[in-house]
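Chemist: Handing you a structure now.
Throughout, read-outs are computed from the coordinates displayed, never taken from laboratory work. Please read all numbers here as calculations on a predicted model, not as lab measurements. Ideal geometry is used to build each Cβ from the backbone, glycine not excepted, and the neighbour counts take in all protein chains shown.
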């Protein structure tokens, strides 16, 4: 860990860090700031933060990521595939791409054994246009070439994609439907978490009640934005955290293999043909079994 007192070098935080430490490029500094590895006076700031005289910038050591992704013969549940895209139904418990602590056995390792992937996201996230959490199951779109990746990414930015999730939450939601519009950023008290914070990135989640149980509610969530842990954070924020969520939910909960959250529907415009593509994936067996038990208990 390195601490530097700002004196004469002032300006945007990412630019200042790259000037103070020649081994850190500006793009690298930006990512480290966003990931919470660079702080100012012990607080997380945005890359565009304007440094002030006497600010203390702390640069934390980041462990290097794996140097090579090895293709692995891991079974894939491919819902659709052509020369440009793959739609895959990711099982609960599988990490999407390699990272510190998860160097292999990821979806990317499996995909690389199956097909060439786009290179836009670099060496560690080839083909990955959007992600879902390790313990969230369901549909992901994957780009096999850079042109497809660019087109799909632009759709995400323009909010033209359809992403619907099925979620089981604690408590009985009174409303039939609603919209959660609350900005999300890194939790100031716990860097592992995201939270609703002033000055966070805009985040909008629409929900609709599907079924109510004695102490739980089954809902459909539609993402308008795609922030890290968005559904998990938003549902905790309104007092109805996801069942089984080890990070944002209560300890006393229904046993499973993580949060009961499933990316059930995915829609996008095909990057080559411009045809509207719509896909659906059934709930995992443990999710269906839990719902059957809740229905029995409610009667």
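Chemist: Give me the distance in nm between label points sitting 7 Å out from Cα along the Cα-to-Cβ direction at residue 255 and residue 197, one decimal.
Modeler: With each label placed 7 Å out from Cα toward Cβ, I get 3.6 nm.
Chemist: Viscosity 1.567 mPa s, temperature 4 °C: what is the translational diffusion coefficient of the chain from Stokes-Einstein with a Kirkwood Rh over Cα pairs, rounded to a whole number of µm²/s? Before the final figure, lay out each step's value.
Modeler: Details: Rh = 20.9 Å.
In µm²/s, the coefficient rounds to 62.
Chemist: Taking Cα atoms of segment 106-216, Rg/Rh with Kirkwood Rh, to two decimals? Can you show the working numbers first?
Modeler: Values: Rg = 17.4 Å, Rh = 16.9 Å.
Value, to two decimals: 1.03.
Chemist: Same structure, new question: Can you check what the Kirkwood hydrodynamic radius comes to for segment 65-158, Cα pairs only, in Å to one decimal? Walk me through the numbers before you get to the answer.
Modeler: Numbers: mean 1/r = 0.0761 Å⁻¹.
About 13.1 Å for segment 65-158.
Chemist: If you don't mind, another one. If one takes the longest principal axis of the Cα atoms in the chain, at what angle in degrees, from 0 to 90 and to the nearest 10, does the Cα axis of helix 146-157 lie?
Modeler: Value to nearest ten degrees: 80.
Chemist: Follow-up question, since we're still on this one. Under 8 Å for C-alpha pairs, at least 6 residues apart: give me the relative contact order for the chain, rounded to a whole percent.
Modeler: On the way: 614 pairs, mean separation 40.7, N = 299.
So the answer I get is 14 percent.
Chemist: Mind checking Rg over Rh on segment 7-136, alpha carbons, Kirkwood formula for Rh? Intermediate values should be presented prior to the final figure.
Modeler: Numbers: Rg = 18.7 Å, Rh = 17.0 Å.
In segment 7-136, Rg relative to Rh is 1.10.
Chemist: While we're here: Calculate I(q)/I(0) for segment 159-299 by the Debye formula, one identical point scatterer on each C-alpha and no solvent, and give its log10 at q = 0.13, 0.19 Å⁻¹ to two decimals.
Modeler: For the requested q values the scattering log ratios are -0.60, -1.15.
Chemist: Relative to the longest principal Cα axis of the chain, at what angle does helix 285-298 sit, 0 to 90 degrees, rounded to 10?
Modeler: It is inclined by approximately 60 degrees.
Chemist: Quick check: pseudo-label points 7 Å beyond the Cα along Cα→Cβ at residue 43 and residue 276, how many nm apart are they?
Modeler: A separation of 4.6 nm, rounded to one decimal place.
Chemist: Determine one quarter of the surface area of the Cα convex hull of segment 2-59, which equals its mean projected area, and express it in nm² to one decimal.
Modeler: Details: hull surface 12.5 nm².
Averaging across all directions leaves 3.1 nm² for the Cα convex hull.
Chemist: Which value, to two decimals, describes the C-alpha radius of gyration of segment 223-293 once divided by 2.2 N^0.38 Å? Provide the component values of the computation, followed by the final result.
Modeler: Working: Rg = 15.3 Å, N = 71, 2.2 N^0.38 = 11.1 Å.
Dividing the Cα Rg of segment 223-293 by 2.2 N^0.38 Å gives 1.38.
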